[in-house]
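Asker: Structure below; questions to follow.
The values are calculated or read from the model by the stated rules, or taken from the named source; none is laboratory data. Everything numeric in this text was worked out from a predicted model, so none of it was measured. As a convention, Cβ positions derive from the backbone with ideal geometry for all residues, glycine included, and neighbour counts pool all protein chains shown.
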Amino acid sequence: MSVTSQDFISFASTCIQRNDEIGYRNAIGRAYYGAYHHTIAKLVNGPKQSHADLITYLQGAAWQVPLETFDKKKMIALSHVLFAMKSQRTLSDYKLHMNIDKAKADLAMTNAANALKIVDSL
């Protein structure tokens, strides 16, 4: 059975409902991957395997060459949202000494909604 980017977002919401730190950490990761997969699905020529390459692509080659026909400002804005989300995902996955609370998970969900909104407007 195949999953969609929205399935990641829905699962992130379920993780938050656990009301514990592991749920919040997983929500951050799932929200990021939902936004990542939603973005990848929209691109025509973008990198399909690398998170860092995707962000770099949206910041430059996607519109400089151009390899995509989407609005430059929207691609740059999307790169910033994805970069912030990836940074939070990295912290939540690897920095176990840090406290990850509900506010951080809620922010990840807000950022994911913003990313999906940008992608859908491309």
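Asker: In region 85-106, is there at least one residue being surrounded by 13 or more Cβ atoms within 10 Å (Cβ to Cβ) and in a loop (DSSP other than H, G, I, E, B)?
Answerer: The answer is yes; a qualifying residue exists.
Asker: Could you tell me which of the residues Ala112, Ala103, Ala84 is over 15 Å from Ala35 (Cβ atoms) and among the aliphatic types (A, V, I, L, M)?
Answerer: One residue alone meets the criteria, Ala103.
Asker: Mind counting the residues in region 104-122 that are of a type in the set (Asp, Glu) and more than 11 Å from Tyr24 (Cα to Cα)?
Answerer: Adding up the residues that qualify gives 1.
Asker: Looking only at region 1-53, which residues are over 14 Å from Leu82 (Cα atoms), among the charged types (D, E, K, R) and not in a loop (DSSP other than H, G, I, E, B)?
Answerer: Asp7, Glu21, Arg25, Lys42
Asker: Kindly list, by first and then second residue, each pair from a residue in region 5-27 that is under 19 Å from Asn114 (Cα atoms) to a residue that is among the aromatic types (Phe, Trp, Tyr) and at pLDDT 95 or above, limited to pairs with Cβ atoms under 6 Å and residues at least 6 apart or on different chains.
Answerer: Phe8/Tyr33
Asker: Of all residues in region 73-84, how many are surrounded by 15 or more Cβ atoms within 10 Å (Cβ to Cβ) and of a type in the set (D, E, K, R)?
Answerer: Final tally of qualifying residues: 1.
Asker: Right, another one. Filter region 1-24 for residues that are modelled with pLDDT of 95 or more, among the small types (Gly, Ala, Ser) and either in contact with a strand residue (DSSP E or B) (Cβ under 7 Å, 6 or more places away or on another chain) or over 18 Å from Ala103 (Cβ atoms) (or both) and give the result.
Answerer: Answer for region 1-24, where residues must be modelled with pLDDT of 95 or more, among the small types (Gly, Ala, Ser) and either in contact with a strand residue (DSSP E or B) (Cβ under 7 Å, 6 or more places away or on another chain) or over 18 Å from Ala103 (Cβ atoms) (or both): Ser5, Ser10.
Asker: Would you check if Thr56 is at pLDDT 95 or above and part of a helix (DSSP H, G or I)?
Answerer: So Thr56 fails the test.
Asker: When region 32-66 is examined, which residues are found to be surrounded by 15 or more Cβ atoms within 10 Å (Cβ to Cβ) and hydrophobic (A, V, I, L, M, F, W, C)?
Answerer: Within region 32-66, Ala35, Ile40, Leu43, Leu54, Ile55, Leu58, Ala61, Ala62, Trp63 meet the criteria.
Here is a yes/no grid of residues against (1) out of contact with any helix residue (DSSP H, G or I) (no Cβ under 7 Å at 6 or more places or on another chain); (2) modelled with pLDDT under 95; (3) within 25 Å of Phe70 (Cα to Cα):
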| site | (1), (2), (3) |
| --- | --- |
| Ala84 | no, no, yes |
| Gln88 | no, no, no |
| Leu91 | yes, no, no |
| Ile100 | no, no, no |
| Leu107 | yes, no, no |
| Asn111 | no, no, yes |
| Leu116 | no, no, yes |
| Asp120 | yes, no, yes |
